[in-house]
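The values are calculated or read from the model by the stated rules, or taken from the named source; none is laboratory data. Keep in mind that this is a model prediction, so the values were computed, not measured. FYI the Cβ positions are ideal-geometry reconstructions off the backbone, even for glycines, and counts take in every protein chain you see. All accessible areas refer to the heavy atoms of the entire protein, side chains included, with ligands and DNA or RNA removed. Shrake-Rupley method; radii C 1.70, N 1.55, O 1.52, S 1.80 Å.
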Amino acid sequence: MLVIFIWKFYDNSFTLYGDFKSPTSQIYWRQLALSTLVAKSGIIVLISYFILLLLSILIVLLLCRMLVNTILSVFAGANGPSKVDKRIEANYQKCLKDVCADFIEYCIEDSNSLDIICRHWAPLPEVSALQSTVDMPSWILPISGHAFGGPDQGRKVRLNGDSLVGPEKGGYYTASGNLRPRFVFGTTRSVEEAMAITPMETPGEYTDSTPSIIEMPPRFEGTLKIRGFQLGTIEKIDRVVGAVVSKESLEMCGWSKTKGASDAELDQVWRVLVANRGPNGTNPPDWYRRACRSCLEWYNKQNENTFNTNILKDMKNTPKGKVDFLKRVQQVLYNRKIITAISSLGVRYIGVGPLESKSGDIVCIFYGCSVPVVLSSLPNGKYKFLGESYIHGIMDGEAVEPAFARGREQWFKLY
């Protein structure tokens, strides 16, 4: 096209100027045009390609932007941004119980897991200047049970063991296999009905020095029914006081102060002490076994019948491997209890339970919960939720199929 344009340019020039109408002149100007074209066509072609490349890039960018906007609009909804779920929408007229229960219900549906009921997170017991305490269900755990307590405690030292459920969806364990949670909240009305109730507004009430707090009537009655099965009944318990493990606790795990432990017993001991996990839910390293034996052999040489993990951990000559092992032991056992439980078939289990555990409480597996839980029986077929637990040998779903085979499923009504 460029060659034709130049050629036509010179042909037209021949027509405009009479001196150039001779055949000799036409041949001269054609040759001149062709020689000029050969000399400059390379530059012209490069410039043309550069312009075409810029246009192509602009078109691609515009198409990508249109595609991204289309995808975002599909996810956000055809009518604009998606609305906030009413259960977690800010509403200062809701009572604290409804705020917490709505949050738990939302978390269970969003994560497809019951692990939220094992976490210590609720802002209890203080509520406001006019209401110092509130009667909360046992399945809403206060933040004071967190590993380092609540923000009002202002302490940087460990107060409790770390949570056994992980921060991600699914948790560190799979005690309930791949079963989905089945649950029913006891309510008095639906979310829409509760949100529709608005208290009467008093003009200028916000300037009153002693305003009255108007709350919506509670939507939740305080019960939560969860599907699962009972693993066993707690027989023996022994408390771990802070970072100090007693002789009785170690014997329950399988370690004797006089005899030590066999290879099989030692495998159970160290796995129970660290809940069969490393830091942040990782698989326990193999050297934990050697570190455990070395630490307990040091304990055997002491005159006391208690294993104070802090003393050995803080010694200057303690190897780093032992220190890391002892830190993990404290993350698991700190202010918890070593427990043994027996099933209806006579199978005995060893593990770690919450501080409130006592003989006669039951260990259960809830569908959709990554760890076993401990419940205390209440009158009228209700249960008090005590917290999470580690039970050696059933943390990866080993107890689910036998429970199905024996038809042991049931609903647990927590209060």
Kindly indicate the residue of the range 330-345 that is at pLDDT 95 or above and out of contact with any Leu (no Cβ under 9 Å at 6 or more places or on another chain) and also farthest from VAL272 (Cα to Cα) among those meeting that condition.
ILE342
Pairs, first within 12 Å of VAL352 (Cα to Cα) in the range 385-405, second open to solvent by less than 20 Å² (accessible area, probe 1.4 Å) and assigned to a helix (DSSP H, G or I), C-beta under 6 Å, six or more apart
GLU388/CYS118; HIS392/VAL272
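When the range 259-307 is examined, which residues are found to be outside any helix (DSSP H, G or I), among the aliphatic types (A, V, I, L, M) and in contact (Cβ under 8 Å) with a residue 60 or more places away in the chain?
Across the range 259-307, the qualifying residue is only ALA275.
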Looking only at the range 338-363, which residues are part of a strand (DSSP E or B), over 14 Å from PHE229 (Cβ atoms) and of a type in the set (Gly, Ala, Ser)?
GLY351, GLY353
For the range 183-200, state whether one or more residues are closer than 30 Å to LYS313 by Cα, open to solvent by less than 70 Å² (accessible area, probe 1.4 Å) and modelled with pLDDT of 95 or more.
no
Which ones in the range 312-329 are within 21 Å of ARG277 (Cα to Cα), over 25 Å from the mean Cα position of the chain (by Cα) and open to solvent by 20 Å² or more (accessible area, probe 1.4 Å)?
LYS313, PRO319, LYS320, GLY321, LYS322, VAL323
Failed item, numbered, when GLU235 is tested on (1) within 30 Å of ILE104 (Cβ to Cβ); (2) in a strand (DSSP E or B)
(1)
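Matching residues to (1) open to solvent by 40 Å² or more (accessible area, probe 1.4 Å); (2) among the aromatic types (Phe, Trp, Tyr):
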site	(1), (2)
TRP287	yes, yes
ILE338	no, no
VAL363	no, no
PHE366	no, yes
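Which residues, counting only those in the range 247-258, are among the hydroxyl-bearing types (Ser, Thr, Tyr), in contact (Cβ under 8 Å) with a residue 24 or more places away in the chain and open to solvent by 20 Å² or more (accessible area, probe 1.4 Å)?
Going through the range 247-258, the residues among the hydroxyl-bearing types (Ser, Thr, Tyr) turn out to be 249, 256, 258.
So of that shortlist, the ones also in contact (Cβ under 8 Å) with a residue 24 or more places away in the chain come out as 249, 258.
Result: THR258, single match.
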So which pairs qualify, if the first residue must be in the range 215-242 and over 23 Å from ARG408 (Cβ atoms), the second must be among the charged types (D, E, K, R) and modelled with pLDDT of 95 or more, the Cβ gap must be under 7 Å, and the two must be at least 6 apart or on different chains?
ILE237/LYS337; ILE237/LYS358; ASP238/GLU248; ASP238/LYS337; ARG239/LYS337; VAL240/ARG336; VAL240/LYS337
Every residue from the range 380-414 that is of a type in the set (Phe, Trp, Tyr) and either touching a helix residue (DSSP H, G or I) at 6+ places or on another chain (Cβ under 7 Å) or open to solvent by less than 20 Å² (accessible area, probe 1.4 Å) (or both):
PHE385, TYR390, PHE412
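Among the listed residues ALA275, ALA261, which satisfies the condition of being touching a helix residue (DSSP H, G or I) at 6+ places or on another chain (Cβ under 8 Å), surrounded by fewer than 21 Cβ atoms within 10 Å (Cβ to Cβ) and either of a type in the set (A, V, I, L, M, F, W, C) or over 28 Å from VAL157 (Cβ atoms) (or both)?
Numbers: ALA275 fails: surrounded by fewer than 21 Cβ atoms within 10 Å (Cβ to Cβ).
None of the other options fit; the residue is ALA261.
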